[in-house]
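Peer 1: This is the structure, below, for whatever I ask next.
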Amino acid sequence: MLNALSSAPPAPTFSPSPAPATPPISAQPATPAAQTVVPVPDCDVIVFGGTGDLAIRKLLPALWHRDREGQLPESARIIAVSRSDASDAAYRDQVAAAVDPAGDQTTFARFLSRLRHITLDATGDVQRDPGWAALGDLLRGREDHVRVFYLATAPQLFGQVSRGLRTAGLVTPASRVVLEKPIGWDLASARAINDEVGEVFSEQQIFRIDHYLGKETVQNLLVLRFANMLLEPLWNNSWIDHVQITAAETVGTGARSGYYDASGALRDMVQNHLLQLLCLVAMEPPNRLDRDAVRDEKLKVLQALRPMDSGDVARCTVRGQYRAGAVDGEPVPGYCTELGQPSDTESFVALKAEVQNWRWAGVPFYLRTGKRLHKRTTEIVVQFKPVPHSLFPDQAGAVTANRLVIHLQPNESVRLLMMTKEPGPGGLRLRPAPLNLSFADTFGTRFPDAYERLLMDVVRGNPTLFMRRDEVEAAWEWTEPILSAWQAGGEQPRPYHAGTPGPTAAIALIERDGRTWHEDHEEEPSL
Ligand code: BG6
């Protein structure tokens, strides 16, 4: 199923084959899943911001893994573009120092030989900066190959780099441009960027990346919902009480504090990653698994989000900022100390959203994300309604409502909390316990990083897991009033100590509604 999502260039569609006869169910031991390497066309991947954090920490390791698994064609090249005056050799050294060769030195040497570095100041004059000509020289003669221009730069540069590429004559019909999030910092800037890039590249050539969509468990959400009969009939406001989406990190802003301070948690995580997860949970079944059917359905969810006025923002959102504390037993500094100056940017957000349509009316979606929290976890919790009447005696214990916990990271799993009878004599005792689908135990395979999958989708020209222009703008349309209300109301972030679950107001946000945030310790050992 997942390969069907990725394997049909250039516009993959998913056409269900005739239903096979139901195979007998037997207790098979878990076997490693077969790894399929889908060939991709020959390509040049040109990374603007090629010496930056994202390139070194994510993009290069992702490309290395694809190369190691034999997916990169023989003559594929990776061209890093940055202001640094590094030579090819110096750049290769930088990458070699940062990327784990996984004990495969021979293949790693081949990977390093694919790398080039071009010194270029994308903010400068295209006619004067020799970097553009050098880039042109490198690409000359390969006009029919796929060209991926990956803009791992600040969004302010997206338009300028796109124009530079056009002026330098480097945009071919087989070119694609990848825009790293954030696309802008509000609706107007997102529109302006989309317009500027749209003057150079067609919408089909623009790949707006949200790396959450490349995560295995996120893709699995589609399979979970639409390849199982069990859940979909219950997937609505008759049976579901509420949904929680949490992306908690233990890391601070660290070396990224400059970027982060101009952004904050709402722009950095909610406007994109968390809303995309919400869309996948809430969307209607698309009629096909192709580039537009899925994105059309996600767009409808974004358009159905109830807009928040200033009163809603005061009631339904909480911003926070970490102070010094301890994470995993280690003392860590507060947000402003890390930044080196005072700031009222939020490193934590919790909010309550509503999707106004027939399926979801009355079902709150609680979202929260933050840095320097007590544990790293990204999960979606679907809380079902309680049973209408308990027939068990009080001393048997409370009947807890069923909960589906989709754990995105770490330790990818899907767990369904069921009520069960504690085994043994001595009266009836009820206990919640999970049916546990742990992907590591079941499939025993390496989980590719989201960027691996997404980069190969770009090369293949498959935009299904990328955000369309209208999606990005609809997400900003909903998010912007929250930012404006915070600003207008002078809303200061509430302090929380590093290593805690965030400000107490975030706990109060959900508890006011008679609900609680999900914590792992509520689960007993698996059945
Ligand atoms: C990025 C944000 O998009 O996602 C970061 O800019 C955040 O601030 C990161 O740390 C989280 O990604 P992941 O894959 O570690 O959950």
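The values are calculated or read from the model by the stated rules, or taken from the named source; none is laboratory data. Not measured: the values here are computed from a predicted model. A quick note on method: Cβ atoms are made from the backbone with ideal geometry, for glycine too, and the neighbour counts reach across all protein chains shown. Quick note on the areas: whole protein, heavy atoms, side chains included, nothing else; ligands and nucleic acids left out. Shrake-Rupley method; radii C 1.70, N 1.55, O 1.52, S 1.80 Å.
Peer 1: Using the alpha carbon gyration tensor of region 180-232, what are the three equivalent-ellipsoid semi-axes (square root of 5 times each eigenvalue), largest first, in whole Å?
Peer 2: 32, 12, 10
Peer 1: What ranking do 403-414, 437-448, 66-77 get when scored by the average of other Cβ atoms within 10 Å per residue, highest first?
Peer 2: 403-414, 66-77, 437-448
Peer 1: For region 331-360, which chymotrypsin sites (Phe, Trp or Tyr not before Pro) are both in a DSSP coil and crowded by at most 13 other Cβ atoms within 10 Å?
Peer 2: 358
Peer 1: Also, quick follow-up: Using only the alpha-carbon atoms of the chain, report the extent along each of the three principal axes, biggest first, to the nearest angstrom.
Peer 2: Its Cα atoms span 81, 62, 45 Å along the three principal axes.
Peer 1: Sticking with this one: Run the count for region 284-404, please: Lys pairs, Cα-Cα under 29 angstrom, 8 or more apart or on different chains.
Peer 2: For region 284-404, the number of qualifying lysine pairs is 9.
Peer 1: Here is a follow-up. At 222 nm, what value in deg cm²/dmol follows for the chain if DSSP H runs of at least 4 each add -39500 (n - 2.57) and the sum is divided by all its residues, to the nearest 500? Present the calculation step by step, with values, prior to reporting the outcome.
Peer 2: Working: 17 runs with 160 residues, N = 527.
That calculation yields -8500 deg cm²/dmol at 222 nm.
Peer 1: Could you work out what % of the accessible surface of region 260-374 is carbon and sulfur, using a 1.4 angstrom probe and leaving DNA, RNA and ligands out of the count?
Peer 2: Carbon plus sulfur share of accessible area: 50 percent.
Peer 1: Taking a probe of 1.4 Å, how large is the accessible area per residue of region 80-130, in Å²?
Peer 2: 54 Å²
Peer 1: With a 1.4 Å probe and all protein chains in place, put 469, 376 in order of accessible area, largest first.
Peer 2: 376, 469
Peer 1: Calculate I(q)/I(0) for region 265-387 by the Debye formula, one identical point scatterer on each C-alpha and no solvent, and give its log10 at q = 0.16 Å⁻¹ to two decimals.
Peer 2: The computed values of log10 I(q)/I(0) come out as -0.90.
Peer 1: Oh, and also: Working from the pairwise distances between different alpha carbons, so that the mean of 1/r is found and then inverted, what is region 417-527's Kirkwood radius in Å? Don't jump to the answer; show the numbers that get you there.
Peer 2: Details: mean 1/r = 0.0498 Å⁻¹.
Averaging 1/r across every pair of different Cα atoms and inverting gives 20.1 Å.
Peer 1: Per Stokes-Einstein, at 20 °C and 1.002 mPa s, what whole-number D in µm² s⁻¹ belongs to region 114-197, with the Kirkwood radius over Cα pairs as the hydrodynamic radius?
Peer 2: So the translational diffusion coefficient is about 158 µm²/s.
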